[in-house]
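What follows is calculated from the coordinates using simple rules that are stated; it is not laboratory data. These figures come from a predicted structure and were not determined experimentally. Neighbour counts are summed over all protein chains in view; Cβ atoms, including those assigned to glycine, are modelled from backbone coordinates with ideal geometry.
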Amino acid sequence: MRKTLTLVLVLTVLLVARGAAAVSVATPKGPAEVFARGDLFDLVELIRLTGAEVAFAPAAGSYTAVLGAHEVQFTPGGSLAVVDGKLATLSGPVRLLEGRTVGSLSTANELLAPLGWGLQGSATTPELAPLSAGERIEVAVVRDEIGTLLVVRGTAQRPRMAATKAGVSLHFDGPIALDRPIEAVGELEGGELRDTTLTLRFLPGYEVANTYQLKDPPRFVLRVAPAQKPAPAAAQGEGRGGPLVVLDPGHGGEDQGATGPAGELEKNLTLAVARLTAGRLQAMGIATRLTREGDEGMPLHERTALANRLRADVFVSIHANASQARGARGAETYFMNADASDPQAAQAADRENASASPDTVQLILWDLAHVANLDASSRLALAVQERLNAMQETRDRGIKQAPFVVLTGATMPAALVEVGFLSNPAEAARLTSAEGQDQIAAALAEAIAAFLRPPEPVPSPPATP
Amino acid sequence: MNAARGFALAGVALAVLLSLSCGRRQAAPDETAATPVPTAPPMKVVLFFPGDDTLLHREDREVPELPANGASRVKFVMGELLAGSQQGAPAPFPYAATVEAAFVDNRGNAFVALSAPPPGGVQGSATEVGMVYASVHSVVANCPGIERVQLLFGGREVQTLGHLDLSGPLAPRPELVAR
């Protein structure tokens, strides 16, 4: 009897304790009770305390929180969220507990921060407060074997970049604050923050060569390099006196690409074909440049950026294919994705052309040029594919469009050619033979030359008497 | 005495079994028995697999049920795709990929987190185009409201697996589907 009473008492205490599982959260409007279990908080209640509207969409199975111009979406049972349209991975999952949508303190902060709020203090005495001066960033100077890197730490934002007379300005979407003043180090002469724009000044003669973003932790990196002197008119651009072709041998270095049945490597094949093609084009009097001269790695964006910087007239990336399908064979040629005239591609172009201004007019001009290039790129791809089709034993796989990284952001007619399937033993033998490579190079050179040839004038109809 | 008792019990048991067995055989069909409750008709998913021509080939498949919820439905469809073709098409992924999570936003985008490929595990643009667009087309075809799909690998967004720009959601490309 006594034991039973004790058990009932313990259960009652436990039930009461469970029912009272709430924590008092300090907010600017006073304390508020929020459901909590250990270090897990009711995320919906917390977010609503900020004044955000939170709605559940049963069809998507996700919550959407909107506050001002910012929007956060998250799903119970998942670790993914969409913050202002961009995908984000949360440090911990959003869980369902007793009919509540809960998450840890850090998960709560990851959802609150884009809305301009943060949860501080401990799990037992949390304090919900607006983020004061935005993310605190730090600019560090790092040197590597190539040169100097400026690393912007402390934000996952990818700033828009514009060249200034003395350096570069970075425009952030959200509020930021400098962790400490920017000091003059190496090529970096100094910098200032005004609102959401960070201006960096370089020593005379230096500019941003390229930029990229790193994760875990998020960093935005700018490579600073000596400014490229304008090339002589005869060697670059329209006044060069002749067209310039940039050939890109796919892969290279540690990136071996596809491997054939006998261990043939795509990176070697593409380099061999590119060299042979370049030789044939040069023999025709067409200036040609390779993105890599040997077995070295090169990021995809830099390949296109090189062609852009050289103001090439044609860019062709050379690859060999592979497929799970045993019967797959033949060549195929891709050109720029029709969707590439979207903001993503514009950003890529902005990234690669570090000196390009991101203002609206520049973007519109770039977009117009890009769309105009689509038609020319399709003609280039067709010329390449037709020549490859004409080769004996080559099956027509047609021209296609897909969002290839190496084609995105190209500011000239560009195509990517898959000259055949290394995964097909018969084709691999042909692709790796000297004769096969020479045939392919001849087809590519003829196609590029034909594309560059000015169209023959159409004879005007005889005048009627 | 015990043996006799045992034989008697065995005999009784045998008799009971035989009578039951005969009874079953001789029983007339029970006209009054309730007809089987009709089960819900199987639902259909439309999947796309890359063929020998590396174009995507449509394959219809009956499934007992299809989750209504956006993310669960996306995950289910991807699971069916990764289970492979029932009509002999090559595997859409060159490695034993598994679906780790799915997410649907309110802009018509689905995000599918897959296990990461082994180093060098995705070779050739045909393989990459096949696996990415088989996923995009299969998800969009079966999940109303989804217009674009982004694949994540190893729990994170990737720029590329070597060729395609995978940094954002991709829309279907009808020209990649065999006619």
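Per-residue shielding of A:292-305, expressed as the average number of other chain Cβ atoms within 10 Å of the residue Cβ, stands at 1. All other residues whose Cβ lies under 12 angstrom from that of B:Gln87 are scored, Lys and Arg at +1 and Asp and Glu at -1, for a net of 0. Each Cα pair under 8 Å and six or more residues apart adds its separation to the average, and for region A:35-112 the resulting relative contact order is 26 percent.
Go through A:402-412, B:119-129, A:72-82 and give me the packing order, highest mean Cβ count within 10 Å leading. Kindly include the intermediate steps, with their values, before the conclusion.
On the way: A:402-412: 25.6, B:119-129: 21.8, A:72-82: 23.4.
Put in order of decreasing packing, that is A:402-412, A:72-82, B:119-129.
Mean per-residue shielding of peptide B:116-126 is 6, counting Cβ atoms of other chains within 10 Å of each Cβ.
Of the chymotrypsin sites (Phe, Trp or Tyr not before Pro) found in region A:165-231, none is in coil by DSSP with at most 14 other Cβ atoms within 10 Å of its Cβ.
Specify the inter-centroid distance of region A:92-122 and region B:117-175, based on alpha-carbon positions, in whole Å. If we compute the Cα centre of each part, the gap is 30 Å.
Within 10 Å of each Cβ in A:69-76, how many Cβ atoms from other chains are there, averaged over the peptide?
The mean count of partner-chain Cβ atoms within 10 Å per residue comes to 3.
Using a Förster radius of 51 Å, what is the FRET efficiency between B:Val158 and A:Ser24 based on their Cβ-Cβ separation? Nearest 0.05, please. Efficiency at R0 = 51 Å is approximately 0.75.
Rounded to the nearest 0.05, what FRET efficiency do A:Val141 and B:Ala178 have when you use their Cβ-Cβ distance and R0 = 60 Å? Let's see the in-between values first.
On the way: r = 54 Å, r/R0 = 0.90.
Efficiency at R0 = 60 Å is approximately 0.65.
All Cα-Cα separations within region B:38-179 were binned at 5 Å from zero, giving a P(r) of 2, 10, 21, 25, 22, 13, 5, 1, 1, 0, 0, each value a whole percent of the pairs.
When the expected Rg is taken as 2.2 N^0.38 Å, what fraction or multiple of it is the alpha-carbon Rg of region B:40-79? Could the numbers behind the result be given before it?
Values: Rg = 12.0 Å, N = 40, 2.2 N^0.38 = 8.9 Å.
In units of the globular-protein estimate, region B:40-79 measures up at 1.34.
Given the Cα-Cα distance of A:Thr124 and A:Arg289 and 0.36 nm per residue of separation, how much length would full extension add, in nm?
Working: separation 165, 0.36 × 165 = 59.40 nm, distance 6.44 nm.
In short, 53.0 nm is gained.
Positive contributions from Lys and Arg (+1) and negative ones from Asp and Glu (-1), summed over other residues with Cβ under 14 Å from the Cβ of A:Leu119, come out at -4.
Under a Cβ-Cβ cut-off of 12 Å, what is the net charge of the residues other than A:Ala445 that fall near it, where Lys and Arg count +1 and Asp and Glu count -1? Intermediate results must be reported in sequence, preceding the final value.
Working: positive: A:Arg275, A:Arg280, A:Arg387; negative: A:Asp438, A:Glu446.
My count for the surroundings of A:Ala445 gives +1.
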